[in-house]
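The values are calculated or read from the model by the stated rules, or taken from the named source; none is laboratory data. These figures come from a predicted structure and were not determined experimentally. Note that each Cβ is placed from the backbone with ideal geometry, even for glycine, and that neighbours are counted across all protein chains shown. Side chains are part of the model used for accessible areas, which takes the heavy atoms of the whole protein and leaves out ligands, DNA and RNA. Shrake-Rupley method; radii C 1.70, N 1.55, O 1.52, S 1.80 Å.
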Amino acid sequence: MKNFLTIDTLEKADIEALLTRIEFYDEKLQDKSWTGNALKGKNVLLMFFENSTRTSISFETAARKLGAELFSLNMQSSSTKKGESLLDTIWTMEAITKPDILIIRHSEYGAPDYIADRVDCAVVNAGDSWRAHPTQALLDAYTIKKHKGDIEGQTVTICGDISHSRVASSNIKLLTKLGAKVRVVAPPALMPQKFPAEGVETFTNMDEGVKDSDIIMTIRLQKERMEKSLIKSDSDYFNNYGLTMERLSLAKPDAVVLDPGPFIRNVQIADDVADHPEKSLILKQVANGVPTRMAVMERAVS
Ligand code: CP
């Protein structure tokens, strides 16, 4: 059993092996009726203590496609509302469902690692606080590789609320390991003091940061993690940091746009950029979440 908790413990060769398996499953999934058996006889338990659309549904889809038995807990109607502790809820679900893999999302920093030390199954981090979202970074890397052919040498510019973003943090680590040149663009109030990898270029001016980029990744304002408002207004933020077609034209002519979602139209990204048929890879990213999570869960039980 192998946990999948952060990007930190992955070597470049591990990431490349995962990218190869993601490609394998991506090709299989082109046939809508295809199903695999890598998780046949295995139980997968999903515990999402924080809201999710993309991550939860793609884990569910991936588990079903690989033949797993799937269990989940509806947090809104669960006894967590009566004050049960995180660990007691997890142990209760573990006793009932006997999982081989536990997929967990939680707002507390390090919750998946804390749980991984206390359960008898592989644990996969589906996002904790602003710390880590390793499967999102992996599917982003796969999306870049599939579109550009390679990641090494690409200039990837991550724009927005960097200081509260687990996606930015995991992407900075993973893309740096794979040899991309990583830039970040953020207002001073949303720019971290330090970064989880060497060589990250920082910009507080959006036009300067976007210039000559190969890939631009926009990141939502994570207002749920701000103790007080750190921007003047959404419209002021859009004027200074929103990705518009005009700003996108400063990037390389073949530049493409990613956003992990959920994205807020006309705050971090303009409608015509988000919906652009060639430039926007946003729905391709979402689709790539399924083969990515298939590869991660296969690894978890290997
Ligand atoms: N990107 C992402 O984690 O989206 P969800 O919150 O919808 O899962």
Single residue of ASP140, ASP128, ASP117, ASP161 found to be surrounded by 24 or more Cβ atoms within 10 Å (Cβ to Cβ), without any contact (Cβ under 8 Å) to a residue 40 or more places away in the chain and over 16 Å from GLU198 (Cβ atoms): ASP128
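For the stretch 31-51, indicate whether the set of residues that are touching a helix residue (DSSP H, G or I) at 6+ places or on another chain (Cβ under 7 Å) and among the charged types (D, E, K, R) is non-empty. Even if it seems obvious, please write down each step before you answer.
Narrowing the stretch 31-51 to residues touching a helix residue (DSSP H, G or I) at 6+ places or on another chain (Cβ under 7 Å): 34-36, 38-39, 43-49.
From the residues that got through so far, the ones that are among the charged types (D, E, K, R) too are none.
No: zero hits.
Here is a yes/no grid of residues against (1) under 18 Å from the mean Cα position of the chain (by Cα); (2) outside any helix (DSSP H, G or I); (3) free of Cβ contacts under 8 Å to residues at least 12 places away in the same chain; (4) within 16 Å of the ligand (Cβ to nearest atom):
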position	(1), (2), (3), (4)
ASP212	no, yes, no, no
ARG247	no, no, no, no
GLY261	yes, yes, no, yes
VAL290	yes, no, no, yes
ALA295	yes, no, no, no
Restricting to the stretch 179-192, give me the number of residues that are within 21 Å of ARG131 (Cβ to Cβ) and surrounded by fewer than 20 Cβ atoms within 10 Å (Cβ to Cβ). 3
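Quick one: in the stretch 55-70, of everything that is surrounded by fewer than 23 Cβ atoms within 10 Å (Cβ to Cβ) and among the aliphatic types (A, V, I, L, M), which residue is farthest from the ligand (Cβ to nearest atom)?
Kept after step one, since they are surrounded by fewer than 23 Cβ atoms within 10 Å (Cβ to Cβ), are these residues of the stretch 55-70: 56-57, 60-61, 64-67, 69-70.
Right, trim to among the aliphatic types (A, V, I, L, M) and you get 57, 66, 70.
Values: ILE57: 8, LEU66: 20, LEU70: 17 Å.
This residue is LEU66.
If the requirement is being β-branched (Val, Ile, Thr), within 30 Å of SER78 (Cβ to Cβ) and in contact with a helix residue (DSSP H, G or I) (Cβ under 7 Å, 6 or more places away or on another chain), which of these qualifies: THR89, THR97? Step through it out loud before you land on a result.
Values: THR97 fails: in contact with a helix residue (DSSP H, G or I) (Cβ under 7 Å, 6 or more places away or on another chain).
Checking each option against the conditions leaves just THR89.
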Identify the single condition in (1) loosely packed, with under 13 Cβ neighbours inside 10 Å; (2) of a type outside the set (Ser, Thr, Tyr); (3) in a loop (DSSP other than H, G, I, E, B) that ASP236 does not satisfy, given that it satisfies every other one. (3)
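Filtering the stretch 89-147 down to residues that are under 17 Å from LEU10 (Cβ atoms) and of a type in the set (S, T, N, Q), which residue is farthest from the ligand (Cβ to nearest atom)?
Step one: filter the stretch 89-147 for residues under 17 Å from LEU10 (Cβ atoms), giving 112-113, 116, 122-128, 131-142, 144-145.
Retained after the next criterion (residues that are of a type in the set (S, T, N, Q)): 125, 135-136.
Working: ASN125: 11, THR135: 9, GLN136: 5 Å.
The selected residue is ASN125.
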Residue list for the stretch 4-51, filter: within 16 Å of the ligand (Cβ to nearest atom), out of contact with any strand residue (DSSP E or B) (no Cβ under 6 Å at 6 or more places or on another chain) and in contact (Cβ under 8 Å) with a residue 60 or more places away in the chain: ILE7
Has the stretch 193-203 got at least one residue that is open to solvent by less than 10 Å² (accessible area, probe 1.4 Å) and out of contact with any Phe, Trp or Tyr (no Cβ under 6 Å at 6 or more places or on another chain)? no
